[in-house]
Structures are given as C-alpha cells and as structure tokens.
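What follows is a short report on a single structure.
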Amino acid sequence: MSVIPMQRVSILVLKADAHQCTQALLASRLFQPIEEPALKRQEKQVASLEQPELIVTYTELERDLLGLLDRFDVSPPQGFSGTPHPTQDFVHIRRAVDEASAWLANYDQEHEKLQDHVFQKERTLIACQSLATKGLSPKALNRSERLLIRLGWVPKNAQLQLRETLGDLTYITDTLASLGQQELLLAMALPRDSARVQGALLGVGFQPQVCGEESNTVETTMAEIHALRKRINRLPEAFADFRLLWSEQLVKYTGRVGMDLLTLENEKSGKKTGPAVLFQGWVPVPDVETLKVKIDEATKGRFWIKLDPAETISTGSDGKEPVPILHRNPLLLQPFQRLVGAYGEPAYSEINPTPVFAINFIIMFGMMFGDVGQGALMSAIGYGIFRRMAGRQDVGILLMECGVSSMVFGVLYGNVFGIEHAVIPPLWFHPMENIPYFLKAALMLGMVLLSVGFVFNMINAVRRGAYAQAVFGQHGLAAASLYWIFAGLAIRYFLSEETGDAGSVMDSWLIGIIALLLLLLFVHEPVLRWFGGQHPIFPRPILSHFLVSAIELVDTIARYLGNTVSFLRVAAFALVHAGLFLAIFTIANMLAQGPAGTVWYWLTVALGNVVVIVVEGLIVSIQILRLEYYEFFSKFYQGTGQRFRPMGT
C-alpha cells in the first residue's frame, strides 16, 4: 500500500551498444530517464546522444509507410518489433517505399488518363448523337460562312450570364444535351459579332466540342469507349496483385521503423562521454535485478552500473531531485488511488493517503447512504461491471465496496429499501429519530479525520527534515494542540448534555495554555525564520507583519471551525436519504387508494429506489470527495509528486 522505493541508476555502455541498451530499457518498462537539468552536475563533459536529423528522416519515413498502408486498407502493426539499427534500416526501407510509391503514382496517372479519355469520348458521342437528332451535320457546322456557329460545353445555368453579357446582340442558343454539371450548347450569331461572342463564351467557361465528319463516327466512338472501359476494369486486378505482394512487407517495415524511431527518440536521454554512453534514470528497487539482466543480455555483459538510493541523493541548496512515484496497491485500493491522483500525486517523501482516503470514503458513504437493500443492489451492479466490462473494473470495485458499506450501515440503521422498523431492528439508531445524536457523531467524525490530517502533516514535515515546521507551522503541533483542546472542550460539552451535568466545561488552567498556543501561532513566521537562520527575524515593515499575522490567526481558527462543521453534511445527507423515502412512501400510499393501487404502489416504490440510488448516490459521492479534498487533504497533502513514467510510455 506504500510507495515503492526508488533508486537512481547510472548505466555506462559502449557507444556501439547504445541502440541495444535503449531497446532493452524500452522493453523492460522499468527505467525512467532523468530530465536534462539533473545531468548538469556531472563532473565530466558530456554531449547529447540526440540525432534530430535522423529523427526527422524516420518520422517522414513512418508517415509515408502509414500512407501506403492506408492506401492498401491494411491496419498498421499494433506494436513495434525487431532489433533497432537506425543507421542501417533507413536505406533499404526508403528504397522499398520509393518503389511502391512510384508504382502507385504510375497507377494513379494511368487510371486518371483513361478516365479522362472515356470522358472526352462520351462527350463526343453525345455531341454527335445530339446533332443527328436535330438533323445537323458536323460538316455543315464547320464550313458555314454566313453564320458564326459554335458547339461546346458550358456549366449549367450559364445561359443566364450569357444573355446578360450579349445584351441586344442578334444570336441564337440551344441546349442539345447535358452530362453531369455540364450542358452541350449550340450558339449561332452573325460573323461580324465574332469577337464579342467569343469573349462572352470564354467568360462562361465554354469548352469547344469537335465532331468528326465521317458517317461512322458514332460507332467508332462507342467502340473506343468500350475498349477504354475494359482497360480501366483491368486496373483493380493489377492493384490487388500489387497489394498482395507488398502488404505484409510494408507492415513489417512499419513496425521496424516504429522501433527505430522509438529508439532514437528515447536515446536522447543518453549522454556521450568519450567512447561510452551514459544513461541515468530511476528504477523501482524490487526491479533492479531484472533490469540488470536485460541490459546484460542486450550488451553481452559490456556495461557498468551504479545504484544510488533516492534518500541519499542531494543537490545541496537546491534540495533533492524530484523522485517519481510508483504505486502497487492491492486491487481493492486501486479505484481510490485514481481519486487521490485526481487531486495530485504524493511526493516521494510524503505519506501516501490512499489507504486512509479509502477508509474515510467507505465509512462516510455508508453513513450517508445506509440501506441494506440498496447497498445489495449497488454491490450486484458493481460485480456485474467488474466481471463484464473490460476497462471499468475500478468502477465495479468502487460500487461493490460502497454497496457493502451501505449494507453495514443499513443494518445499523434498520433500513431496507427505505423501510424502517418493519423489516429489521436497528443495531445502532434510526437517523430520523435521533437527529441531535447523529449531528454530534458527524462532528466527532470530522474531529477525528482532521486530527489524522494534523498528524500526517507533522510526519511529512519530519520526513523533509523541517522540524520547526512540524511544531510551529500552520498545521503543526502548536496548531494541532489548539484544535485538540477546543475539540476536547466540545466533546466534554456534548457529554455534559448527555449526563445532565451543566457545570463549566472550561477549566481555568486551560486558558493559559490556549493563550500560549495563540501566541505561538501569532508569531509562527518569525519563529520559523529564527530556526531557519533567516534575517531579519521580523519581516519589514513590522506593523504590517503583525497586522497580517493577526488576520491569519483569526482566519486559521475560523477555517478549523468551518472544516469541522462541514462534516455535518454527513448527517444531513443521511437525513435527506430518510426524508426522500418518507416522501416516496407518502406518494405510493396516495396512489394505492386509486384503481390498480397495488401496482401503482410498488411501481412508485421501485422507481423511487432507482432515482435515489442514481441521483443521491452521485451527490453523496461528490460531497465525500469535497470533504476529503478540501477538509482533510488541506491539512497535510500537497500532491506535487510525479508519477513514474518508464521510457517509451
């Protein structure tokens, strides 16, 4: 349940083995390279192993390979394979890619050329047939001297623009046929208007159509179209043969290039130092020996390795290098680790709050949603999700755990599907019948959780070596002692109400201790500066500093009070849960008086339970997260850690 201890590892290999070592580190998924700033403290001069030009080259090659696979409708490989040889693989793979690309370019060019020929032949055929229908001869059109005659194709609706351009000019136009978005236009005008007519036709995108004068033009054109279509129909067969020949090889090349590119991108974490290459990074302590074996196999024993525990690595005045965090929590805690991670990852020296977070979450959910029947239904749904929905196991586990807690508190409350008294007797109390008692229990729960937060804060400060912070800090021992005194007084007051003893709950000797603690909190910043050797001890200007300290002291006390009172929502939502069922059963009893009353009664109860499980369950979960994040975590948890991210992930 704790954070896995880490070690910083320094690996020295020959430059010739750099690719193999990088691949071994990638395959192990146990090595996280140290960022560049951490390497600036090396005593020897080192140079980056990064090869940006080669990375760009392989990126372009991978893009071309993926483009070819997409053209062949072949899925790229799911993973990378092969031993990387980035300086050797490129030449023959690029040659193969260029060959395949050239064949496809010729194929596309031939296909486009044949399609264009068919299109032009179809236009000629339509023109000849249209002229024959009108009783016109291509010969007469071409040799007319008294009229200017033009035959060609224009976009549809172009005649409107043509009329606006020609105005009152004497001319005749006729649409003979259409093909797609084009129309076959026959235009006639007087020869003296030739220039104006030609300009107008060009303005609308006129494409001249030439028709042969031979009597067999139609038959000849149809035969040519048929021959061209046969050639077009044979092209897919050639494409299929080429695809079959190249697909497997291209998939293999894509995996190989991906491995080369991944190697090059991760090799930049290595540093050249003479004839060797240095890799530095973090590795989990339990996996050190596994990593050694993989590097030994990759380099054939030609490597040197040095291990430094994370706790011994110091950078002087800069503190310690950021150590990544690796969690290996039990299955039941994994959903809660995700919720903690949503707030922030714990630092390496920080307490991992996941176990306590999980216990708090489960207890508060049960207190706010105590119902045996609904808890059982929730657990059953969670179990179904856990077994049937891959990738949603965390949701299933969370529902099962919350369902069990709901069942336990349902037994304590005597509540089954909102029915109290009639099914099972309460082992603790009925919330609606013991509201003052429940409110006190919620406040005491808040006091316990906040106290745990204070303790965790002091432990974290001691782990960092900040002993003065552990005692005099904002949430240190002095602040915690003040809180505990007031919490004890509150508990004593609650108990005095229970016993009927109305005597004073404030002993005179406590006043002096409270005053001393308030004074320590008031001057906590100068005290910390004094322990830290900072000067001046009192920040300037002094008057402004004391004013700010007074405001902060009042704010701290108010926040502690607000944090505690905020836990009243635990009791409030439990009472809301009971109140909702009171309303549901009231409505059900009213409907039971009408026709088919029994059916409407149980339908109302069933739908009411569904609404409560979905809506209130979600609201309760949100409220618990708010209590955990803002009331509990704010006392000790920074969440500034970095998750362990192995090379290649």
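Before moving on, here are some points about what is shown:
- Listed by position, the helices (runs of 4 or more DSSP H) contained in the stretch 559-633 that have at least 1 residues being surrounded by 17 or more Cβ atoms within 10 Å (Cβ to Cβ) and over 37 Å from the mean Cα position of the chain (by Cα) are 568-591, 597-611.
- Residues that are open to solvent by 70 Å² or more (accessible area, probe 1.4 Å) and either at pLDDT 85 or above or assigned to a helix (DSSP H, G or I) (or both), drawn from the stretch 10-60: Leu14, Lys15, Ala16, Ala27, Arg29, Glu36, Pro37, Glu53, Val56, Glu60
- Taken together, Gly270, Gly281, Gly274 contain a single residue that is small (Gly, Ala, Ser) and more than 32 Å from the chain's Cα centre (by Cα), which is Gly274.
- Search result, residues across the stretch 403-429 that are modelled with pLDDT of 90 or more and of a type in the set (Gly, Ala, Ser): Gly403, Ser405, Ser406, Gly410, Gly414
- Flag if Ala200 is crowded, with 17+ Cβ neighbours inside 10 Å, closer than 17 Å to Arg123 by Cβ and either at pLDDT 85 or above or touching a strand residue (DSSP E or B) at 6+ places or on another chain (Cβ under 8 Å) (or both): no
- From the list Gln120, Gln161, Gln88, the lone residue that is within 40 Å of the chain's Cα centre (by Cα), part of a helix (DSSP H, G or I) and over 27 Å from Asp241 (Cα atoms) is Gln88.
- Residues being over 23 Å from Val3 (Cβ atoms) and under 32 Å from the mean Cα position of the chain (by Cα) - total across the stretch 284-313: 1
- Any chance Val610 is β-branched (Val, Ile, Thr) and at pLDDT 90 or above: yes
- Any hit, the stretch 403-413, residues being at positive phi, of a type in the set (Gly, Ala, Ser) and either surrounded by 20 or more Cβ atoms within 10 Å (Cβ to Cβ) or in a helix (DSSP H, G or I) (or both): no
- Subset of the stretch 349-359 [open to solvent by 10 Å² or more (accessible area, probe 1.4 Å) and either in a helix (DSSP H, G or I) or on the phi > 0 side of the Ramachandran plot (or both)]: Pro355, Val356, Ile359
- Qualifying residue in the stretch 61-72 (condition: at pLDDT below 90 and either loosely packed, with under 15 Cβ neighbours inside 10 Å or among the hydroxyl-bearing types (Ser, Thr, Tyr) (or both)): no
- In summary, Arg387 fulfils each of the numbered conditions (1) in contact with a Gly (Cβ under 9 Å, 6 or more places away or on another chain); (2) assigned to a helix (DSSP H, G or I); (3) within 23 Å of Thr564 (Cβ to Cβ); (4) without any contact (Cβ under 8 Å) to a residue 40 or more places away in the chain with the single exception of condition (3).
- Residues of the stretch 256-284 satisfying the condition of being open to solvent by 20 Å² or more (accessible area, probe 1.4 Å) and acidic (Asp, Glu): Glu265
- Residues in the stretch 487-499 that are modelled with pLDDT under 75 and either of a type in the set (Ser, Thr, Tyr) or open to solvent by less than 60 Å² (accessible area, probe 1.4 Å) (or both): Ser496, Thr499.
- Hits in the stretch 164-197 (condition: open to solvent by 90 Å² or more (accessible area, probe 1.4 Å), in a helix (DSSP H, G or I) and within 23 Å of Arg146 (Cα to Cα)): Arg192, Arg196
- Counting only strands (runs of 3 or more DSSP E) that sit wholly inside the stretch 231-348, those with at least 1 residues that are hydroxyl-bearing (Ser, Thr, Tyr) are 271-273.
- Any pair with Cβ under 7 angstrom, 6 or more apart, that starts in the stretch 594-606 at a residue that is more than 22 Å from Leu377 (Cα to Cα) and ends at one that is at pLDDT 85 or above and part of a helix (DSSP H, G or I): Gly594/Trp600; Gly597/Leu591
- Single residue of the stretch 469-486 satisfying the filter (open to solvent by less than 20 Å² (accessible area, probe 1.4 Å) and aliphatic (A, V, I, L, M)) that is farthest from Asn457 (Cα to Cα): Leu482
Yes or no, residue by residue, for (1) within 30 Å of Ala347 (Cβ to Cβ); (2) among the small types (Gly, Ala, Ser):
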position	(1), (2)
Asn563	yes, no
Ala572	no, yes
His577	no, no
Ala592	no, yes
Gly608	no, yes
Ile624	yes, no
Lys635	yes, no
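The values are calculated or read from the model by the stated rules, or taken from the named source; none is laboratory data. All values derive from a computational prediction rather than experimental measurement. Cβ coordinates were reconstructed from backbone atoms using ideal geometry, including for glycine residues, and neighbour counts include every protein chain displayed. The protein model used for the area step is the full one, side chains on, heavy atoms only, and it has no ligands, DNA or RNA in it. Shrake-Rupley method; radii C 1.70, N 1.55, O 1.52, S 1.80 Å.
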